[in-house]
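Comments concern the structure below.
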Amino acid sequence: AQSVTQPDIHITVSEGASLELRCNYSYGATPYLFWYVQSPGQGLQLLLKYFSGDTLVQGIKGFEAEFKRSQSSFNLRKPSVHWSDAAEYFCAVGANTGNQFYFGTGTSLTVIP
Amino acid sequence: KAGVTQTPRYLIKTRGQQVTLSCSPISGHRSVSWYQQTPGQGLQFLFEYFSETQRNKGNFPGRFSGRQFSNSRSEMNVSTLELGDSALYLCASSWTTGGTGTEAFFGQGTRLTVV
């Protein structure tokens, strides 16, 4: 069965510090992987996606993620966090039978000055 | 290019009533998916419509239904509302379907409160 695990419910980092949000997936076929960000009361905004090819993908707002098939992971990273990055982050895997996404439970990011 | 538009943004309904939510996808997109987001269950897939046909359905009771019109606009209906239906309902549109891994663009959601 398809599933996504985000082990960290909440993370607090200082502004300017580096960030890594963890994501592990379970999927039988080649996964389509995504990271979305959600600000309070808003919808989801796509940060980056992995379909195939280079396992290190670059996204918007300075985010990147690395796909590691051997570890079934797709961790999100940012070298220097800004206060505006405070939000909820969701990792998702896309089904290959349609536009159906399986989301993790999310990681809430707090940025302290 | 306009994004995904969901109306209304906020809704308060009484238990037992029914409600209809609307989603207008990005121009040219033919796939519309619906998700329910709650603090306890997270983001859960409701259903997907493509070219007016339901392609996939999540594990929700029959009180949840949807449809898609020829202009790709979609509506979601919930009948006999229960308190547990209180949630943020998100709509996502994509230009195609069929497991291509196409990214989805989300609307801002409709916040439904059942009292």
Problem - When residues of the range A:103-113 are limited to those that are surrounded by 14 or more Cβ atoms within 10 Å (Cβ to Cβ) and outside any strand (DSSP E or B), the one nearest to the other protein chains (Cβ to nearest Cβ) - result: A:105
Problem - Selected residue (only one of A:28, A:41 is more than 12 Å from chain B (Cβ to nearest Cβ), of a type outside the set (A, V, I, L, M, F, W, C) and out of contact with any strand residue (DSSP E or B) (no Cβ under 7 Å at 6 or more places or on another chain)) - result: A:28
Handout entry: Single residue of A:49, A:78 found to be within 22 Å of residue B:91 (Cα to Cα) and either of a type in the set (Val, Ile, Thr) or surrounded by 14 or more Cβ atoms within 10 Å (Cβ to Cβ) (or both)
Key = A:49
Exercise for the section: Could you tell me whether any residue of the range B:94-103 is more than 9 Å from chain A (Cβ to nearest Cβ) and either surrounded by fewer than 21 Cβ atoms within 10 Å (Cβ to Cβ) or not basic (Lys, Arg) (or both)? Expected result: yes
Handout entry: Test: residue in the range B:51-62 that is among the acidic types (Asp, Glu) and within 11 Å of residue B:21 (Cβ to Cβ)
Key = no
Practice task
With respect to residue A:61, determine if the residue is among the basic types (Lys, Arg), more than 14 Å from chain B (Cβ to nearest Cβ) and closer than 30 Å to residue B:8 by Cα.
Solution key: yes
Fill in the blank from the handout: Scanning the range B:66-90 residue by residue, those more than 24 Å from residue B:15 (Cβ to Cβ) and in contact with a Gly (Cβ under 9 Å, 6 or more places away or on another chain) turn out to be B:72, B:74
Exercise for the section: Please verify whether the range B:38-53 includes one or more residues that are more than 24 Å from residue A:41 (Cα to Cα), more than 10 Å from every other protein chain (Cβ to nearest Cβ) and touching a residue at least 24 places away in the same chain (Cβ under 8 Å). Expected result: no
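Conditions tested, residue by residue: (1) among the β-branched types (Val, Ile, Thr); (2) at pLDDT 95 or above; (3) in contact with a Cys (Cβ under 7 Å, 6 or more places away or on another chain).
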| position | (1), (2), (3) |
| --- | --- |
| B:46 | no, yes, no |
| B:80 | yes, yes, no |
| B:83 | no, yes, no |
| B:94 | no, no, no |
| B:101 | no, no, no |
| B:114 | yes, yes, no |
Practice task
Tell me which residues, restricted to the range B:50-65, are modelled with pLDDT of 95 or more and touching a Gly at 6+ places or on another chain (Cβ under 9 Å).
Solution key: B:64
Completion exercise
Subset of the range B:32-56, residues surrounded by fewer than 20 Cβ atoms within 10 Å (Cβ to Cβ), within 12 Å of the chain's Cα centre (by Cα) and β-branched (Val, Ile, Thr), comes to none
Handout entry: Selection count where residues are facing chain A (nearest Cβ under 10 Å), closer than 17 Å to residue B:78 by Cα and crowded, with 21+ Cβ neighbours inside 10 Å, scope the range B:7-31
Key = 0
Problem - Complete set of residues in the range A:19-46 that are in contact with a Lys or Arg (Cβ under 8 Å, 6 or more places away or on another chain) and either free of Cβ contacts under 8 Å to residues at least 40 places away in the same chain or exposed (fewer than 13 other Cβ atoms within 10 Å of the Cβ) (or both) - result: A:41
Completion exercise
Those residues of the range A:68-102 which are within 14 Å of chain B (Cβ to nearest Cβ), closer than 21 Å to residue B:102 by Cα and modelled with pLDDT of 95 or more amount to A:74, A:89, A:90, A:91
Practice task
All but one of (1) buried (at least 16 other Cβ atoms within 10 Å of the Cβ); (2) in contact with a Ser or Thr (Cβ under 8 Å, 6 or more places away or on another chain) hold for residue A:62, so report the exception by its number.
Solution key: (1)
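The values are calculated or read from the model by the stated rules, or taken from the named source; none is laboratory data. These numbers come from a predicted model, not from an experiment. Every residue, glycine as well, gets a Cβ built from its backbone with ideal geometry; the counts of neighbours run over all protein chains shown.
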